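Chemist: Once you've had a glance at the structure underneath, I'll fire off some questions.
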Amino acid sequence: MNRLVLALGVCLLAGLGIAADRTAPPPGAEAYLIEPHDGAKVRNPVTVKFGLKGAGIAPAGVKFDNTGHHHLLVDTEVSQVQLDAPMPATDKLLHFGKGQSETTLTLPPGRHTLQLVFADYLHQSFDPPLVSKKITITVE
Ligand SMILES: [Cu+2]
């Protein structure tokens, strides 16, 4: 009987597993773009600097409390990203799994949006998501 109860409990936990694995962001943590500024007119290559307050950076795959790594959305809305699973790496969703705090991009001329998503060692968003303000830049 006890074994049955235990088995049921394990099944229940496994069923809830995906949602339960997402952790809350460190209290008061903030991700923000230092550079470029919202509305900036820039030239290629575009240097993008990532800011973080109240949390630490660790390489992907390394689990330390209250840490994660930056992800940069290029011309992509947060609502287009599945946040309850490890985020894929694409040319519109860049991972900085070595713990980088800046990058350079070469973008076609015109308007582009940039937004950070700071996520955990499994490339999975915190819950609620730790995202920066979305900025718009114009590449000349
Ligand atoms: Cu990642």
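Every number in this text was worked out from the coordinates using simple rules, so none of it is lab data. Treat the numbers as computed from the prediction; the structure is a model and nothing was measured. When we count neighbours, we look across all protein chains shown, and the Cβ atoms used for this are built from the backbone with ideal geometry, even at glycine.
Chemist: Which of the residues spanning the stretch 64-80 are among the aliphatic types (A, V, I, L, M) and more than 21 Å from LYS98 (Cβ to Cβ)?
Modeler: The answer is VAL78, and nothing else.
Chemist: List the number of the failed condition for VAL62; all other conditions in (1) aliphatic (A, V, I, L, M); (2) touching a helix residue (DSSP H, G or I) at 6+ places or on another chain (Cβ under 9 Å); (3) without any contact (Cβ under 8 Å) to a residue 60 or more places away in the chain hold.
Modeler: (2)
Chemist: Can you go through THR103, THR90 and tell me which one is out of contact with any helix residue (DSSP H, G or I) (no Cβ under 8 Å at 6 or more places or on another chain), within 15 Å of the ligand (Cβ to nearest atom) and without any contact (Cβ under 8 Å) to a residue 12 or more places away in the chain?
Modeler: The match here is THR90.
Chemist: Of all residues in the stretch 83-109, how many are assigned to a strand (DSSP E or B), over 21 Å from LYS53 (Cβ atoms) and among the hydroxyl-bearing types (Ser, Thr, Tyr)?
Modeler: 2
Per-residue answers, yes or no, for (1) touching a strand residue (DSSP E or B) at 6+ places or on another chain (Cβ under 8 Å); (2) of a type in the set (A, V, I, L, M); (3) within 15 Å of the ligand (Cβ to nearest atom):
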site: PRO36; (1), (2), (3): yes, no, no
site: ASP65; (1), (2), (3): no, no, no
site: LEU73; (1), (2), (3): yes, yes, yes
site: GLN124; (1), (2), (3): no, no, yes
site: LYS133; (1), (2), (3): yes, no, no
